[in-house]
Ligand SMILES: NC(=O)c1ccc[n+]([C@@H]2O[C@H](COP(=O)([O-])OP(=O)(O)OC[C@H]3O[C@@H](n4cnc5c(N)ncnc54)[C@H](O)[C@@H]3O)[C@@H](O)[C@H]2O)c1
């Protein structure tokens, strides 16, 4: 694959931000079609974004032979079904988070991706913020040393107006704040620090009268032996997202803007003058690529062109789904959960109360 990728987007909500990101990379992408069952919403967005084609049925989008990629931005409970449909049509897929409501479904998607020979890229755009990318560089170059502790906070504010249509329900949102909101920060933790091997958690519904949880406290033992603490709520009057990492050679503190905490400015503090020098020297070589959705799409294009690994893979979506499964299982049973979680686990087929 070389040159511009022709994209079709399904779902005109967050799809709007995806379209803006593709259109900010005009040498790499051309958005040719938009699909939504809400025809007026689709037509309005297509007109505002100068997208030539509109349809209201994903099958129609799948039949457009000139599309190279289809980007799934529909409500969460439709992601896996729509991803399968696009793979069956022989096209690569970009899919919003969460890609599925169970580890079993993620494993089915991994098998379908392998069979189809086409690739699936889940969305985790926060990975590409410049602050987090700098930390990743320091870790990968061995400048950070070994991790002792990571603290990850997602303290946002959501009130009744947010919980409309598909939100706040197990069947359609697939979970609560853990599945929809904090999923980005937890992916960022794994991206930089690797995966956990044990999880203990409490969840509660305290802020809004919804089916799913809105407040979580979780304690993780990472595969490296480091510890991590995750806290999440939709009841914070002042909204922040914050990540803090204590490594043997430095500590790193994120920006705290709720929806941009992976971006600059981050604070890196070396444990000695020599460590400070190594941090400074390493960050001199930092090459800033686009951030957010544009950052993920930029790298997606590069990976498809070069035939290399995608910037986010279904294996990453599986790690995310595994954490979600472990948190809900621990909160339900009060048990400390050992990872990995495989087919014999009581919540492998779904973490929603009715599925388990
Ligand atoms: N990555 C992020 O930062 C981010 C931010 C917001 C939302 N999201 C995710 O994006 C997804 C959509 O969220 P949203 O806020 O855009 O929701 P939304 O309800 O505003 O938009 C979803 C759109 O999909 C359309 N739709 C529903 N069923 C359809 C179907 N069968 N075929 C075609 N169109 C269909 C709806 O009409 C609607 O316009 C969710 O899974 C959410 O978790 C991700």
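Looking only at residues in the range 309-338 that are surrounded by fewer than 19 Cβ atoms within 10 Å (Cβ to Cβ) and touching a helix residue (DSSP H, G or I) at 6+ places or on another chain (Cβ under 8 Å), the one that is farthest from residue 217 (Cα to Cα) is 309. What do you reckon, is residue 312 part of a loop (DSSP other than H, G, I, E, B), touching a residue at least 40 places away in the same chain (Cβ under 8 Å) and either under 25 Å from residue 174 (Cα atoms) or outside the structural domain of residue 223 (by TED's automatic domain parsing) (or both)? When the stated conditions are applied, residue 312 passes them. Within the range 182-206, being surrounded by 20 or more Cβ atoms within 10 Å (Cβ to Cβ) and in a loop (DSSP other than H, G, I, E, B) holds for one residue alone: 182. Return only the number of the condition from (1) within 30 Å of residue 323 (Cβ to Cβ); (2) more than 16 Å from the ligand (Cβ to nearest atom) that residue 94 does not satisfy. Among (1) within 30 Å of residue 323 (Cβ to Cβ); (2) more than 16 Å from the ligand (Cβ to nearest atom), residue 94 violates only (2). Contact map, the range 151-166: residues that are on the phi > 0 side of the Ramachandran plot paired with residues that are assigned to a loop (DSSP other than H, G, I, E, B) and at pLDDT 95 or above, Cβ distance under 9 Å, separation 6+ or inter-chain. Pairs shown: 165/75.
Condition first: in a loop (DSSP other than H, G, I, E, B) and closer than 19 Å to residue 247 by Cβ. Now tell me which residues in the range 119-150 satisfy that. Correct list: 129, 141, 142, 143, 144, 145, 146. Take the conditions (1) out of contact with any strand residue (DSSP E or B) (no Cβ under 9 Å at 6 or more places or on another chain); (2) assigned by TED's automatic domain parsing to the domain that holds residue 221; (3) surrounded by fewer than 15 Cβ atoms within 10 Å (Cβ to Cβ); (4) assigned to a loop (DSSP other than H, G, I, E, B); residue 274 misses just one of them, which is (4). Is it the case that residue 164 is more than 17 Å from residue 352 (Cβ to Cβ), within 16 Å of the ligand (Cβ to nearest atom) and either out of contact with any strand residue (DSSP E or B) (no Cβ under 8 Å at 6 or more places or on another chain) or part of a strand (DSSP E or B) (or both)? Yes; evaluated as a whole, the condition is true for this residue.
Taking only the range 283-297 into account, find how many residues are in a helix (DSSP H, G or I) and touching a helix residue (DSSP H, G or I) at 6+ places or on another chain (Cβ under 8 Å).
Just the residues of the range 283-297 that are in a helix (DSSP H, G or I), to begin with: 283-284, 292-297.
If we keep only those that are touching a helix residue (DSSP H, G or I) at 6+ places or on another chain (Cβ under 8 Å) as well, we get 283, 292-297.
Adding up the residues that qualify gives 7.
Considering the conditions (1) within 20 Å of the chain's Cα centre (by Cα); (2) in a helix (DSSP H, G or I); (3) over 30 Å from residue 90 (Cβ atoms), residue 153 is excluded by exactly one of them, (2).
Every test in (1) surrounded by fewer than 17 Cβ atoms within 10 Å (Cβ to Cβ); (2) within 11 Å of the ligand (Cβ to nearest atom) is passed by residue 52 save one, and that test is (2). Checked against (1) over 20 Å from the mean Cα position of the chain (by Cα); (2) surrounded by 15 or more Cβ atoms within 10 Å (Cβ to Cβ); (3) within 30 Å of residue 69 (Cβ to Cβ), residue 306 passes all but condition (2).
Which of the numbered conditions does residue 172 fail, given that it passes all the others? Conditions: (1) under 16 Å from residue 317 (Cα atoms); (2) part of a helix (DSSP H, G or I); (3) within 12 Å of the ligand (Cβ to nearest atom). Among (1) under 16 Å from residue 317 (Cα atoms); (2) part of a helix (DSSP H, G or I); (3) within 12 Å of the ligand (Cβ to nearest atom), the lone unmet condition for residue 172 is (1).
The values are calculated or read from the model by the stated rules, or taken from the named source; none is laboratory data. Values in this document were obtained by computation on a predicted structure and should not be read as measured data. Backbone-built Cβ (ideal geometry, glycine too); neighbour counts: all protein chains shown.
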